[in-house]
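Since every read-out is calculated from the coordinates, none of them should be taken as a lab result. In this text the structure is predicted, and so the values were computed from the model without any measurement. Cβ sites come from the backbone with ideal geometry, for glycine too, and all protein chains shown count toward neighbours.
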Protein chains: 2
Amino acid sequence: MGYVETQRVVLATERDPLVLTGGAALEHVEVAYETYGELNAARDNAVMVCHALTGDAHAAGLHLGAKRRGWWDNLIGPGKAVDTDRFFVVSANLLGGCSGTTGPSSIDPATGRAYGPDFPALDMADFVAAHRRLLDHLGVGRLHAAVGGSMGGMQILEWALREPDRIDRAVLVAASSRLTTENIAFSSVARAAIMEDPDFHGGRYAEHGVTPRHGLKIARMMAHITYVSDISLETKFGHRRDTTGLDRRLGTDFEVEHYLQHQGESFLDRFDALSYLHLTRPMDYFDPFGTHPDAVPSTRFRLVSFDSDWRFPTAHSLRIRDQLAARGVSVEHTELTSPWGHDSFLLEPPGYHDLVRSFLD
Amino acid sequence: MGYVETQRVVLATERDPLVLTGGAALEHVEVAYETYGELNAARDNAVMVCHALTGDAHAAGLHLGAKRRGWWDNLIGPGKAVDTDRFFVVSANLLGGCSGTTGPSSIDPATGRAYGPDFPALDMADFVAAHRRLLDHLGVGRLHAAVGGSMGGMQILEWALREPDRIDRAVLVAASSRLTTENIAFSSVARAAIMEDPDFHGGRYAEHGVTPRHGLKIARMMAHITYVSDISLETKFGHRRDTTGLDRRLGTDFEVEHYLQHQGESFLDRFDALSYLHLTRPMDYFDPFGTHPDAVPSTRFRLVSFDSDWRFPTAHSLRIRDQLAARGVSVEHTELTSPWGHDSFLLEPPGYHDLVRSFLD
């Protein structure tokens with residue numbers, strides 16, 4: 001695959017606003033997206049890729065002049081499991097995000113200023129509504145497949161239940177149909193870290209010329225622990241120490257701390273605090289089988305979970321499997337062995353990519 | 001047991017300073033402690049109770065005029081598992097703490113001001129050194145037993161390995177001889193929340209008339225999740241919602257959030273940020289079997305762990321058991337069934353108190 005580019009398209013206007021689940025209407029929605037491969041004449045080879053909480057449209061390939069490969073570049077590309085020689089792959093930044101798609105840091109056309117805390121609350125269905133408009137724009141009807149990990153899989157589950165004839169195959173990796181109370185508890189501490197940071201200013205931090213850096217960094221550091229595993233941290237860092245850098249007189253000097261510091265700091269450069277709130281909330285309230293009690297999608301489902309994932313352990317995938325099976329929907333689940341915890345969905349544990357490849361065939 | 005009182009005693013002076021493991025000398029150490037029951041004529045019925053990270057000297061009974069019973073009141077008292085009709089029970093606030101014993105918020109006699117960030121770094125052995133001085137002061141030689149949960153058990157393990165003939169029986173509940181990298185990762189985020197709070201001022205917050213409330217609250221909220229269990233959170237709160245109180249427009253309204261908010265807020269009233277740093281660090285560096293490679297305590301050990309504890313799961317107790325057994329030390333371990341996670345050590349899961357009672361007999 002050659003160089004790729006993020007494109008932007010306006011998908012809602014004053015005349016055709018995007019009305020959200022909560023009732024608010026967005027009169028200007030721009031969506032950042034990338035496509036890889038070509039849509040065939042029959043328009044039946046499209047694969048939508050849905051990103052997780054902090055992802056973006058850049059799922060595969062390389063941007064001209066930039067070093068960063070797409071976040072799912074190991075999965076998507078010519079000859080890869082999601083084969084861009086065969087499929088027309090679409091990846092879009094989420095509504096409410098901060099990587100090109102309209103979100104709280106975008107300009108509200110009604111005021112000429114950033115939405116800030118006035119950006120309306122979102123629901124998982126609103127992410128899907130923006131995806132749907134993008135596909136309509138691209139001339140894609142029924143999807144050959146939708147593929148997503150973590151919250152990406154949650155969007156696809158919502159989509160399949162809401163629009164039962166739009167998606168032929170769904171790959172849900174390390175996803176959930178309902179967060180546990182512990183999941184919500186971690187989210188809640190992350191939100192408190194952000195919202196109670198004195199620099200949050202009730203969400204009007206941009207007007208004050210600051211950002212709630214401290215809170216957002218701590219939220220990310222904490223969340224990162226839940227994305228990896230006890231085993232992977234032990235293997236990677238153990239009890240090794242590193243006295244360089246930060247003043248450790250009051251703290252400690254373990255290598256794992258430097259690693260978490262780096263994770264927290266680098267997140268500040270690419271993520272917005274209000275987007276973090278707007279994208280985590282729909283996950284916490286997510287309950288698609290409750291919202292769509294009678295939906296019977298025509299979609300075939302392929303679920304994958306990882307044995308070291310303690311954010312969305314296998315029990316989450318089993319709940320999805322059982323709910324779908326009870327409705328007579330075709331669903332298969334495999335738990336794979338992988339030491340890397342929840343983040344395994346971004347990596348290549350043995351068997352994983354083969355499962356995706358064969359399911360898309 | 002009638003009303004109890006916290007007492008204070010000066011255990012180090014300019015002429016007899018407490019020299020810490022790191023080399024610094026404290027020339028004035030006051031220790032807050034409580035005792036329950038009577039020391040017998042043979043002075044062989046003393047039981048030392050060691051508190052965990054955020055505990056204090058008030059382990060049992062009721063203070064006159066106060067409502068709060070001691071934190072281990074279900075275990076310690078007349079006729080209870082640690083029977084104050086038979087034993088002379090001693091409980092002391094840790095060195096470096098903030099509940100009566102000398103710590104960072106105490107006055108440094110050399111300057112007439114609070115130590116603040118100049119309070120010297122502590123080691124698990126320093127907590128033990130203060131305990132030892134207290135026992136010497138009380139006229140107690142060999143302990144009939146030492147009993148501690150979590151970090152309380154860690155102090156006792158250090159003590160038994162450092163002073164092999166001082167403790168007859170040791171009860172270590174949900175303890176650890178070595179934190180995992182994941183444990184350290186959580187500690188590290190808590191420390192970052194505190195130390196990077198703009199109100200921390202490099203530890204000189206008292207001089208600025210503030211405290212790092214935001215960071216300390218977030219640290220406590222996050223740590224609290226690790227003290228309970230997925231199951232107990234699910235049972236207690238599930239997905240129930242509660243719209244009272246805080247502005248939830250940008251956040252969510254789950255009951256579990258109110259609960260964590262309360263845990264965080266109430267912690268601010270009773271705990272000092274620098275004490276939090278000084279008491280967590282020794283845990284992270286703790287490695288008593290490495291520090292005392294040849295120690296063979298005469299102590300008999302009774303280890304207890306809980307199946308839902310994911311802070312110090314049973315594997316931690318098994319490591320202690322195996323290390324002690326390899327040295328020929330008498331040790332027994334039992335994993336108990338309990339839904340309440342790490343906090344089980346403060347509660348009464350079936351079989352727990354009976355194990356302690358029979359071991360002390």
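I want to make sure I understand the PRE zone here: with the label point 7 angstrom from the Cα of A:D287 toward its beta carbon, which residues in region B:250-264 have backbone N atoms less than 14 Å away? The answer is B:253-256, whose backbone nitrogens lie closer than 14 Å to the label point. Descending by average beta-carbon neighbour count within 10 Å, the peptides A:47-56, A:220-229, A:61-70 line up as A:47-56, A:220-229, A:61-70, the highest first.
For the pair B:A41 and B:S298, the difference between a 0.36 nm per residue extended length and the Cα-Cα distance amounts to 90.2 nm. Seen from B:A59, the other residues with C-beta closer than 9 Å to its C-beta sum to a net charge of -3, counting Lys and Arg as +1 and Asp and Glu as -1. With helices as the sole contributors, chain A gives -10000 deg cm²/dmol at 222 nm; each DSSP H run of n ≥ 4 counts as -39500 (n - 2.57), and the sum is divided by every residue. For the protein assembly as shown, report the translational diffusion coefficient in µm²/s to the nearest whole number, using Stokes-Einstein at 20 °C, 1.002 mPa s, and a Kirkwood Rh over Cα pairs. For these conditions, the coefficient is 78 µm²/s. A Cα-only calculation for region B:183-280 places Rg and Dmax at 14.8, 44 Å. Distance between the pseudo-spin-label points of A:I107 and A:E5 (7 Å out from Cα toward the beta carbon): 2.2 nm. Averaging the sequence gap over all C-alpha pairs within less than 8 Å and six or more residues apart, then dividing by the number of residues, gives region B:183-280 a relative contact order of 29 percent. Between A:D307 and A:E332, the simple label model (points 7 Å from Cα in the Cβ direction) yields a spacing of 2.0 nm. B:A25 to A:T21: FRET efficiency via 1/(1 + (r/R0)^6), r the Cβ-Cβ distance, R0 60 Å, to the nearest 0.05? The computed FRET efficiency comes out at 0.40.
Across all directions, the average flat footprint of the convex hull enclosing the Cα atoms of region B:116-212 is 8.0 nm².
Each peptide among B:174-181, A:207-214, B:29-36 gets the average number of other Cβ atoms lying within 10 Å of its residues, and from highest to lowest they stand as B:174-181, B:29-36, A:207-214. For the protein assembly as shown, the antiparallel share of DSSP beta bridges with both residues in that region comes to about 35%. Taking every C-alpha pair closer than 8 Å and separated by at least 6 residues, the mean separation divided by the residue count of region A:258-361 gives a relative contact order of 24 percent.
Put simply, the amide H of B:S150, placed in the peptide plane, has neighbours under 5 Å in B:V173, B:A174, B:A175, leaving out anything fewer than 5 places away on its chain. Label point of A:S330 (7 Å along Cα→beta-carbon): distances to the other copies' equivalent points are 6.7 nm, sorted ascending.
Shown for B:D118: label points 7 Å from Cα along the beta-carbon vector, and their distances to the equivalent points in the other copies, 5.2 nm in ascending order. A crude spin-label estimate for the pair B:H353 and A:R240, with each label 7 Å from Cα along the Cβ direction, gives 4.8 nm. Both numbers refer to the Cα atoms of chain B; Rg and Dmax are 20.1, 66 Å. Look at the alpha carbon pairs under 8 Å that are at least 6 residues apart: their mean separation over the length of chain A gives a relative contact order of 18 percent. Label-to-label distances for B:R68 across copies, nearest first, come out at 4.6 nm, using points 7 Å from Cα in the beta-carbon direction.
With N the number of residues in region B:1-98, Rg(Cα) / (2.2 N^0.38 Å) evaluates to 1.19.
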